[in-house]
Amino acid sequence: MELVCLGLNHRSAPVEVREQFAVLSSQLGERASKLRELPGIEETVVVSTCNRTEFYLAGECGDEAVRSIRSVIGEVASEHWYEKRRLEAARHLCEVASGLDSMVLGETEIFGQIKEAYRLAHAAGATSGVLNRLFQRAFGVGKKIRTETSIQEGATSVAGSAVELAEKIFGKLKGCRVIVIGAGEMSRQTAQALVSRGASSVFVTNRSFDRAEELAEEMGGRAVHFDEWQGVLAGVDVVISSTSAPHPVVMPFHVEAVRRVRKYRPLFLIDIAVPRDIDPAVGEIEEVYLYDIDTLEQLAAEARSRRERQIEECKRLIEEELAKLNLPGT
Amino acid sequence: MGGGVDRWFLILAALFTAFGGVMGMLTLKHGRRSRWTLAWMALGFVCLSGFLWVRGEARGACPLVGSGEILAFLAWSLTLFYLVIGPTYRLSLLGVFSAPLVTAFLVGALAPGMWVNDPQRVEGTNGWQETHSAMSVLGYGGLALAAVAAVMFLVLDKQLKDHHLTSGLFRNLPPIRELLISIRRLLWAGWLVMSVGIVAGFRMPHGQDVHLHLLAALGVWLGYALLIGVAQFRGLAGRHLSIGAVGLFIVSLSVFVFI
C-alpha cells in the first residue's frame, strides 16, 4: 500500500483556482466514497477548507491512484497541485492538523475541519487500515503540539489581541456589554470577535445614524444616536472607538462622570482610530485599561513572531511521533 | 507526646510549602502553570494538621498558646482557605502566591523565642475562650488569603496598565474580574468567621491584658467592616480594594502584639 496526498492550498493556488475545487462540507463523505470507486484507490479522505482542498489516498500503486484523481480534476490549473507520497504525505497531514501549514500559523480551526472530514469519510466507508491509523496518529500529534508547544498562543490580529485582553480583564465574556463608537470596518471586526466569544449586548453609535443601525443590526445590537453615547457608558464593560474625528472623542470627564454609577467596575477601552479617539489621560483612571492600535498591533506581531519561533520545535515533535510508529503506506 | 514530633511536623510543613512555592515560581518563569503547587500545599496542610493535633493533645485545649502556635494555626487556616478556594475558582496561582506567606509564618513559628519546646497543659479551659481563639485565627486565615489575592490583583493591574503583557506570570494570572470576586468573597468569609470570634471574645472571662487585645481585634474588625461595606454599597476601584485588603491585614497582625 502506498499513501498519497494530492492538494492545493493558499500558497500554491490563488482563490480563483481554489474555489473551483472546493467541496461543500456536507458532500465530503460522499465525494470520498465516489473517489474510492476509481481504479487504484482503496481509501480516501477529502479535506476542503477555504484555504485548501486535499485528497488523501491509499492504494496498492501510488502512480495509479494519482492518475485516477488527475483524470477527475482534469488538466485545469494542474501546476497548482502538489503531490506528496508516503512519509512526506504523513508528515504533511500532521503539519496541516497542527496548523503549521495554515495561513494564520498555529490556528486551531483546521484541526476540527480535518477531524470532520475524516469522520465523514469514515462514515461513508471510504477509509480503512491505512488512513484510519494515519489520521488517528495525526490527531494525536496535533493535540501534543498544542499542549507541548506555544504554537497557538497569543492572538495574531488586532481584533484577536483585543479579545484576549478583554478575557484577561473579564474572564468569560458572556454577559459583557460593548459600545462601538464609529462604525468602521476595524471596529466591526473587533466587536464581532468579542460577540463570537460571548459578549451579549452591543451598542453602536456613529455620526451617520443609518450606518450605526446597519452595524447594530448585523451584530444583533442597538444603535444609539451620537449625542447619546455618554448615557450608555455607565452600563458597558468595553468601549471600541474608531471614528474619523480629528480630535479625541472620549475624554476623562466622560468616564469620571459615570465612575460612581459604575461602582468603579473595570472598563476596557480599545482605541483603534488614527488620530486617536480616546484621550490618553483616560487611561490614568484607576479602573480603566486603555489600549490603542499601536499596542494591539505590537501584541499581534509579537504573537506571530513567537509562533514562528516554535515551528522547528513542532517539526521535531512531528518527526519524533512519526518515527515511533511504522505507519502503513509510508 | 510533644517530644519533637510536633517540631518535625512544622519543619516538614515549612519545607513542603517552600518547595511548592519555589517550584511554582520556576514553572511560572517558563510560562507554564504548576500542576503540583496544590499537592505540595496539601502535604503542608497535612503536616500542619499533624502539628496542631499533637499540640492539642499536649495542651488539652485548642493549641493557641503563644505566638508560635498562633502563627502555625494562622498558616493552617490560610492553607485551608486556599485548598477550598483555589481549586473551586481555578485560582491555581493563588498557591504560588500563598506558599511564601505560609512558609514565612512557619519559619516565624519555629524561630527562637516563638517556639515552645515543652507545651504545658492548659488548666481551666473555657468554651468561649476556645471559640474566640480558634475562630479569630481561622478568620485571619481567610483575610490573609484575601491579601494574597489582592497582591495578585495589584501585579496584574500594574501589568495591564503598563502594557507589560509577555511574561509567564501575566499569562497565568487569573482575570481581573475573577480576582476581584475572590477578594470580596474571602473578605466576607474571613470577616464573618472573625465576627464569631469577636462575639465569643466578649463572652469569655476577662483579664486586663485580654481586654486590650480584644479592643485591638475590634478595631481590626471595624476596619474590615468599613472596607467591605464601602466596596459593597458605594463601590471601590479594584486597586483601592486591594490596597485596603493588604494594608488592613498587615495592620491586623498588630493584634497579636497584645496577646
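Throughout, read-outs are computed from the coordinates displayed, never taken from laboratory work. Values in this document were obtained by computation on a predicted structure and should not be read as measured data. As a convention, Cβ positions derive from the backbone with ideal geometry for all residues, glycine included, and neighbour counts pool all protein chains shown.
Quick notes
- Relative contact order (%) - the range A:158-302, alpha-carbon pairs under 8 angstrom, separation at least six: 24 percent
- Taking the charge dipole of the protein assembly as shown about its Cα centre, with +1 at Lys and Arg Cβ atoms and -1 at Asp and Glu Cβ atoms, the residue from A:GLY99, A:THR44, B:MET23 reaching farthest to the positive side is B:MET23.
- Dipole axis of the range A:158-302 (+1 Lys, Arg; -1 Asp, Glu on Cβ), positive-most option in A:VAL249, A:LEU194, A:ALA212: A:LEU194
- Residue-wise HN-Hα couplings along the range A:205-212, as the Karplus relation 6.51 cos²θ - 1.76 cosθ + 1.60 with θ = phi - 60° gives them from phi, are 10, 7, 4, 8, 5, 4, 5, 4 Hz; Gly and Pro carry x.
- Over chain B, DSSP H runs of length four or greater, each weighted -39,500 (n - 2.57), average out per residue to a 222 nm ellipticity of -26000 deg cm²/dmol.
- For a straight C-alpha distance cut-off of 13 angstrom, the aspartates and glutamates reachable from A:LYS143 (same-chain residues fewer than eight places away being disregarded) are A:GLU95, A:GLU107, A:GLU109, A:GLU321.
- Of the beta bridges in the protein assembly as shown, as assigned by DSSP with both residues counted there, near 45 percent are antiparallel.
- Alpha-carbon centroids, the range A:143-220 and the range B:143-159: separation in whole Å: 28 Å
- Approximate spin-label separation A:LYS174-A:GLU214, in nm, with each point projected 7 Å along Cα-to-Cβ: 3.4 nm
- For the range A:128-135, the Karplus equation 6.51 cos²θ - 1.76 cosθ + 1.60, evaluated at θ = phi - 60°, returns couplings of 8, x, 6, 6, 4, 5, 4, 5 Hz by residue, with Gly and Pro reported as x.
- Checking every one of the GluC sites (Glu not before Pro) in the range A:1-40 against DSSP loop status and a limit of 11 other Cβ atoms within 10 Å picks out A:GLU37.
- Cα gyration tensor, the range A:1-128 - rounded (a/c under 1.5), prolate or oblate: rounded
- Note on A:SER244 and B:VAL46: with the Förster distance fixed at 51 Å, the Cβ-Cβ geometry gives a FRET efficiency of about 0.20.
- Annotation: amide H of A:VAL202 within the under-5 Å range of A:VAL178, A:ARG222, sequence separation 5 or more or interchain, hydrogens built in the peptide plane.
- Note on B:ILE11 and B:TRP53: the model spin-label points, each 7 Å out from Cα along the C-beta direction, lie 2.0 nm apart.
- Sites A:GLU308 and A:ALA281, calculated FRET efficiency, Cβ-Cβ separation with R0 22 Å, nearest 0.05: 0.05
- The range B:166-173 - phi-based ³J(HN,Hα) in whole Hz, Karplus 6.51/-1.76/1.60, Gly and Pro as x: 9, 6, x, 4, 4, 4, 9, 6
- Over all other residues within a Cβ to Cβ distance under 12 Å of B:PRO63, the charged ones net out to -1, with Lys and Arg as +1 and Asp and Glu as -1.
- Distance between the C-alpha centres of the range A:283-310 and the range B:97-130: 47 Å, rounded to the whole angstrom.
- Near-label residues of the range A:65-102 by backbone N, under 19 Å of a point 7 Å along Cα→Cβ of A:HIS10: A:80-82, A:92-102
- Nearest-20 debye value, the range B:127-259 charge dipole, Cβ charges on Lys, Arg, Asp, Glu: 440 debye
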